[in-house]
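The values are calculated or read from the model by the stated rules, or taken from the named source; none is laboratory data. Keep in mind that what you see is a predicted model, and the values were worked out from it rather than measured. Glycine gets a Cβ as well: all are built from the backbone with ideal geometry, and neighbour counts include every protein chain shown. Just so you know, the surface numbers come from the protein's heavy atoms only, side chains and all, with ligands and any DNA or RNA stripped out. Shrake-Rupley method; radii C 1.70, N 1.55, O 1.52, S 1.80 Å.
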Amino acid sequence: MKPDPRIIKEVYMIGIPSILMVSISSVMTFTMNKILIQFTSTATAVFGVYYKLQSFVFMPLFGMNNGMVPIIGYNFGAGHKERILKTHKIAMVYSCIFMWTGFALFQLIPKQLLGLFNASSQMIQIGVPALRWMSLAFLIAGFSVVTISMFQALGKGVYSLVISAARQLLALLPLAYVLSLTGNLDLVWISLPLAEVVSAIVTLCLYMKLRKKLDKMMEEVALQRRTE
C-alpha cells in the first residue's frame, strides 16, 4: 500500500470538520454555563439536565443518520441523483417524527422528566419553563441535523462545519449573552430555539446551493472514475 495524497486529502476534508464539530459542542456548553451561573447554580444544573434529556431525543435521529450517510454516499458515487434526494426526503420525515415526539414530551411532562434526576423544588421551578422553551428548538432541528449528515456524505464537510458553528457558536452564544443582560432567565432559554432558526436558514441556503451544483459534482465523480 502506498499513500495516495488525493485520498488522504478527501479523508481530512471530511474528518477535520467532524472533529471541530465535536469541539464546538464542548465550547458551547462551557460558555453557556458561564452565562447561566450569573443567575444561579441551579440554572446551570437545569441546562445540564436538559442536555442529558435531549440526547435521548437526538439518539434515534443520529442512528438514522449513520444509516443514511452510506446510502447517500454509494448513490452519489453511482450517479443516482434521485435516490440521494429521496433518501434525504425520507430521513426528513422520520426526523420530524422523532423530534416532534420529543417536543411533545418536554411540553407535557417536564416536571416528571426533571424528577428522573431527583430535582429539588427550586430546580423544578426553574426547569419546567426552561424545558418548554428550549424544546421549541426540536420543531426545526431535524432539518439541520439530517442535512448536515447529507453534506458529509457528499464530501461537503465544510458545509456541515459552517452550520454547526452557526448553530452552537455564532448565533446561540451571542444571543444568550445579550438576552442574559436583561436579567430575565427565561429569555436565555429562548436563545436556543432562536439559534435553531438561524441554523435552519443557513442550512436551507447551503442546501439550495448544493442542489444547483449536484449534477456537476456527480459528473466530476463519474469522470474521475473513468480516468481511474
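Remark: the LYS86-PHE56 segment gains 8.2 nm on full extension, using 0.36 nm per residue and subtracting the alpha carbon distance.
Using the Kirkwood radius over C-alpha pairs as Rh, can you work out the diffusion coefficient of the chain via Stokes-Einstein at 25 °C, viscosity 0.890 mPa s, in µm² per second? Show your work: numbers first, answer last.
Numbers: Rh = 19.0 Å.
For these conditions, the coefficient is 129 µm²/s.
Please list, short to long, the whole-number percent of alpha-carbon pairs of the range 30-94 in consecutive 10 angstrom bins beginning at zero. Cα pair-distance distribution for the range 30-94, in percent: 19, 29, 19, 20, 12, 2.
Could you tell me what percent of the accessible area of the range 1-69 is made up of carbon and sulfur, with a 1.4 Å probe and every protein chain present? Mind showing how you got there, number by number?
Details: 2980 of 4190 Å².
Of the solvent-accessible surface of the range 1-69, carbon and sulfur hold 71 percent.
Taken over the range 50-151, the ratio of Cα radius of gyration to 2.2 N^0.38 Å equals 1.31.
Determine the order of LEU85, LEU175, LEU20, LEU116 by accessible area, beginning with the largest, at a probe radius of 1.4 Å. List each step's numbers first, then the result.
Working: LEU85 30, LEU175 55, LEU20 75, LEU116 125 Å².
Ranked list, largest accessible area first: LEU116, LEU20, LEU175, LEU85.
For the residues SER25, SER160, SER121, a GNM of the chain with alpha-carbon springs under 10 Å puts the largest fluctuation on SER121.
Straight-line cross-link partners of LYS111 among the aspartates and glutamates, defined as a Cα under 17 Å from its Cα and at least 8 positions apart when in the same chain: ASP186.
Only Lys, Arg, Asp and Glu carry charge here, each on its Cβ (+1 for the first two, -1 for the last two); on that basis the range 17-131 has a dipole of about 160 debye about its Cα centre.
Working note: 222 nm ellipticity from helices only, DSSP H runs with n ≥ 4, each -39,500 (n - 2.57), summed and divided by the residues of the chain, gives -30000 deg cm²/dmol to the nearest 500.
Evaluate Rg over Rh across the range 1-112, taking Cα atoms for both radii and Kirkwood's formula for Rh. It would help to have the intermediate numbers written out before the result.
On the way: Rg = 19.3 Å, Rh = 17.5 Å.
With Rg and the Kirkwood Rh in hand, the quotient comes to 1.10.
Using unit Cβ charges (K, R positive; D, E negative) and no other charged atoms, how large, in debye to the nearest 20, is the dipole of the chain about its Cα centre? Could you put the intermediate results ahead of the total?
On the way: 20 positive and 9 negative charges, 97 e Å.
That gives a dipole near 460 debye.
Pairs of Cα atoms under 8 Å, at least six residues apart: use those to get the relative contact order of the range 99-228, whole percent. Each step should come with its number before you reach the end.
Working: 106 pairs, mean separation 33.1, N = 130.
RCO, the range 99-228: 25 percent.
Computed over the chain, relative contact order equals 27 percent, with contacts defined as Cα pairs under 8 Å that lie 6+ residues apart. Across GLU196, GLU10, GLU219, the residue with the most accessible area heads the list, and the full order at a 1.4 Å probe is GLU219, GLU10, GLU196.
Heavy-atom accessible area per residue, the chain, 1.4 Å probe: how many Å²? Don't skip to the answer; put the middle values down first.
Working: 12290 Å² over 228 residues.
It amounts to 54 Å² per residue over the chain.
Counting pairwise Cα distances across the range 118-212, what percent come out greater than 15 angstrom? The partial results should precede the final answer.
Working: 2811 of 4465 pairs.
Across the range 118-212, Cα pairs with separations above 15 Å total 63 percent.
Short to long, the 10 Å bins of the Cα pair-distance histogram for the range 66-107 hold 28, 39, 21, 11, 1 percent of all pairs.
Along the axis of the charge dipole computed for the chain (Cβ charges of +1 for Lys and Arg, -1 for Asp and Glu, origin at the Cα centre), the listed residues VAL57, SER135, VAL221 are led at the positive end by VAL221. A straight Cα-to-Cα reach below 27 Å connects LYS209 with the lysines LYS9, LYS81, LYS86, LYS89, LYS156, residues fewer than 8 places away in its own chain not being considered.
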